[in-house]
Every structure is written in C-alpha cells, then in structure tokens.
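Read through the structure below, which is laid out as structure tokens, and then see the notes.
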Amino acid sequence: MIMSELKVEVEPAEVGFAADRLHRLDDNFARYVDAGLLSGWLLAISRHGNLTYVAHGGHRDREAGLEVTPDTLWRIYSMTKPITSVATMMLYEEGRFELTDPVSKLIPAFKDVRVFTGGSDQRPVTVPATEPVRIHHLLTHTSGLTYGFHRNHPVDAMYRAAGFELGNPPGVTLAEACDIWAGLPLLFQPGAEWNYSVATDVLGRVVEVASGQRLDEFFADRILRPLGMTDTAFGAAPEAHPRLAALYRPNSRNTVSRLDELGQAGLRPPRMLRGGGGLVSSAADYDRFTQMLLHTDASPAGEYSGVRLLGPRTVGYMARNHLPGGLDLETFGRPLYAESPFRGVGFGLGFAVLLDPVPGKVIGTAGELSWGGAASTTFWIDQAEGLTVSFFTQLLPSSTYPIRPQLRQLVYQALTD
C-alpha cells in the first residue's frame, strides 16, 4: 500500500512557478493569522502530477500552542462529496446502475415523492412529482432535496423540524435518514432547478445498497487504501487526535473562538455515515485524491501511482457541465446562488465546473473542477494547466472571508511559464 506523505517532489521553477511569487500566498495568510482571523492554515500545490509547493502557518490548536504541521488533520465537511461521487461513478462503471435509474430502484422510499407548491412548513401544499428522482439528479444537486440550515424555504424548516440542521437526529442511520428525506416534500420538480442539498448523503446510501458494503468500508477498501490515503476516515483515530485541528468561528471581537461542541464530532466515527460530509483528512491525502482526477501524459485521469479508480473518459464526463442548456448556477440555481461565486460556474457529476472566469471576476481556467467544505477548506483541479490546489483551515462558516478567490488570484499570478 502507498503511504501518505506531504513531500515536495519538484522545485517550483521546474514546473513554471516563480518561487518569489508563490511566497505572496504565505504573506497573505500570515496576515490572517497575525490579525487573529484564522488560527492556522495549510496549502498544497501540485503541477503535472508532482507536489511542488507546501506552505503552512499559525496553530492547529491556538489555545494549546500547537502549530500547524504537514500532517495536521482537518474536518473536510463537504469535500467528502467528491469522494462519494467518485465512489458512485466507480459502481456506474461496473454496471450496477444507470445514471437515469430512479433512486427508488435502490431506495424504495423515493418511489412516490411529492413536490412543495405552496402553504407553510406547518401546512404544506404538495403535488406528486412528475419525474422520478434519478441518480444523475443526486450527482448534480437537481433532485429537489435541500438542507435544513439554508433557512430560505418552508421545506428547509421541515428538515429542521425533523432534526436535520447542522447535525442529525440522535441514533438515526443513513438508511433511516434517506427514508425521512424521501417523506418530506421536494423544493421543485426533479431536474427543474439546482439546490445544494443532502443529495450526496443519499448517494452515500446508493453506494451502500449497490455495493453491499457500509459507506466507510467501501471508501476504505476501494478508494482510501488503494490511493494510500491513510489519514482519511469518518473521524480521526484515537492515536491521531492530537493532530486534529481545533474548529473555530468568528466572534464579536473580530477574531475567532473555538467551537469544541461541534468540533468534537471529528474525534469519533458517527452513527450516520453521510456521503455529503463527515470525513477527516490530511493535505497529503487530499492531494492524492485530486491528482487521481488530474490528466497528465504519464497518468491519464482516474489513476494515481499506478492505481486506477475510474476510466479517463468517465472523469471527463463528470467534468462536463450537466446543467440544462449549459446554464450556470447563478441562472439555474435558487436565488441563494445568484451571486458572484456562482457566475460562470456550472455543475458536473459531483463538482463545480468553471465555464468562464470572466463573469465571476476571479482569474481561472475554463474547465476547472472545484468544491469546498464548511470550515473554509477548498480545492480545485485545472486540467489545462496540469494544476491541483488544496487549502485547509478550520473556520466556520466558509463565507466568512474571501479565502477562495484570493487563493486563485495568488496561485495563478505565480505561474510564469
């Protein structure tokens, strides 16, 4: 088995980076730490299949005086979703289902879903769905499912009333949660809009049913161990607890405070294994995952270090914009998404896809795949530039500071080839 290690493999100048310009990234995030806005951070950049730049600063646990180190562990929250999407497509490649299959073939509770058309969360008016929720709807967040924490729609309130906001009802399993969600109204007819939701959690259950394994077992057997992602799991192992970064949130003093009650979830495996979140990982591990999805001359997409998870054409298909008519999230998404981070951005099978960097006013390359996590972690894969970038910190919510656009402008300005 490959072992995970965050070790620079090639000097920046050898792959088109100017070292002095890369250090602007260090300076930028050092300012965040010095101002008390972040406790700590870590950045890993690879190009053409080789790790070329690693930088970190601040503390993984500010109160204990423990600094960020290359092997620090991070709660990656929704950066779990691309791993679940890869698992789904691995089973698709095995012929376990088709993307057009109704989800009810694997989760019967989704057979007779209904759609919200009016009323309130207490007295909703619903109609039968005119289209089944299909597996491709789950992969693209066009299923009509939602999240309780959105607080934008009466159905969001119904999720909260059922116990799904930032966490889950105590003792509920993934199978039970899927049955509960299937019994709540959809926001819209399947395929009609884009809405970020528990859809990838439902995909996790699809993986379980189609494979006959628990989600954590499938991840470990088919993705994590083969890629050497030895630090990635649902909850840090007891011996790794000292390496897990503390979780923080902004406070009224314009600095950050610990969120230990929520952060404790990263110390143990959850009862409910969510395909949409819950993994703890390291920068070395996630760099391997992103490089597996990168296409290079030596290693076509879907393979890392001789281990192939997906065919390159499958990865290419996942990286297409699957929103109808080639629309972007600002146009096809709910009003929540009508803002600059979603302008010129479509959605593929498990990833955001950059269609055009101009509308969002942030430098980038058409075709980039990306996503992030609730605690301000993020990654992107730029096939045209042969580039993968992963950034880690532990600050909720991810919208607190403009970390993600700043990363892009500072990474791309450092490319000088």
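Every listed requirement among (1) farther than 21 Å from P270 by Cβ; (2) open to solvent by 30 Å² or more (accessible area, probe 1.4 Å) is met by V103 save one, (2). What residue, among those in the range 343-359 that are touching a Pro at 6+ places or on another chain (Cβ under 9 Å) and over 17 Å from F379 (Cα atoms), is least open to solvent (accessible area, probe 1.4 Å)? Of everything passing the filter in the range 343-359, G344 is least open to solvent (accessible area, probe 1.4 Å).
Of the residues A64, A55, only one is within 15 Å of T377 (Cα to Cα) and not in a helix (DSSP H, G or I); which?
Values: A64 fails: within 15 Å of T377 (Cα to Cα).
Sole residue among the options that is within 15 Å of T377 (Cα to Cα) and not in a helix (DSSP H, G or I): A55.
Restricting attention to the range 187-227, the residues being open to solvent by 30 Å² or more (accessible area, probe 1.4 Å), more than 23 Å from P108 (Cβ to Cβ) and free of Cβ contacts under 8 Å to residues at least 24 places away in the same chain number 1.
The set of residues in the range 1-44 being open to solvent by 40 Å² or more (accessible area, probe 1.4 Å), in a loop (DSSP other than H, G, I, E, B) and farther than 25 Å from D285 by Cβ consists of A35 alone.
Applying the selection to the range 154-166, what residues are more than 14 Å from A199 (Cβ to Cβ) and without any contact (Cβ under 8 Å) to a residue 60 or more places away in the chain? Break it down into steps so the answer makes sense when it comes.
Restricting attention to the range 154-166, the residues satisfying the condition of being more than 14 Å from A199 (Cβ to Cβ) are 154, 156-158, 160-163, 165-166.
Those that are more than 14 Å from A199 (Cβ to Cβ) and without any contact (Cβ under 8 Å) to a residue 60 or more places away in the chain: P154, D156, A157, M158, R160, A161, A162, G163, E165.
Might you check whether a residue that is in a strand (DSSP E or B), open to solvent by 20 Å² or more (accessible area, probe 1.4 Å) and basic (K, R) occurs anywhere in the range 316-329? Even if it seems obvious, please write down each step before you answer.
Narrowing the range 316-329 to residues in a strand (DSSP E or B): none.
No.
All of G167, G171 fail the test of being under 13 Å from G276 (Cβ atoms), in a loop (DSSP other than H, G, I, E, B), open to solvent by 10 Å² or more (accessible area, probe 1.4 Å) and modelled with pLDDT under 95, apart from G167.
Any residue that is under 18 Å from L349 (Cα atoms), assigned to a helix (DSSP H, G or I) and either within 19 Å of the chain's Cα centre (by Cα) or aliphatic (A, V, I, L, M) (or both) - is there at least one of those in the range 140-154?
Let us first name the residues in the range 140-154 that are under 18 Å from L349 (Cα atoms), namely 140-146.
Subset that is assigned to a helix (DSSP H, G or I): 140.
Imposing the further condition that a residue be either within 19 Å of the chain's Cα centre (by Cα) or aliphatic (A, V, I, L, M) (or both) reduces the set to 140.
Among the residues of the range 140-154, at least one is under 18 Å from L349 (Cα atoms), assigned to a helix (DSSP H, G or I) and either within 19 Å of the chain's Cα centre (by Cα) or aliphatic (A, V, I, L, M) (or both), which makes the answer yes.
Looking only at residues in the range 298-310 that are touching a residue at least 24 places away in the same chain (Cβ under 8 Å), part of a loop (DSSP other than H, G, I, E, B) and open to solvent by 20 Å² or more (accessible area, probe 1.4 Å), the one that is farthest from G367 (Cα to Cα) is S305.
The values are calculated or read from the model by the stated rules, or taken from the named source; none is laboratory data. For clarity, every value in this text was computed on a predicted model and none was experimentally measured. All Cβ positions, even for glycine, are placed from backbone atoms using ideal geometry, and neighbour counts span all protein chains on display. SASA here: full protein model, heavy atoms, side chains in, ligands and nucleic acids out. Shrake-Rupley method; radii C 1.70, N 1.55, O 1.52, S 1.80 Å.
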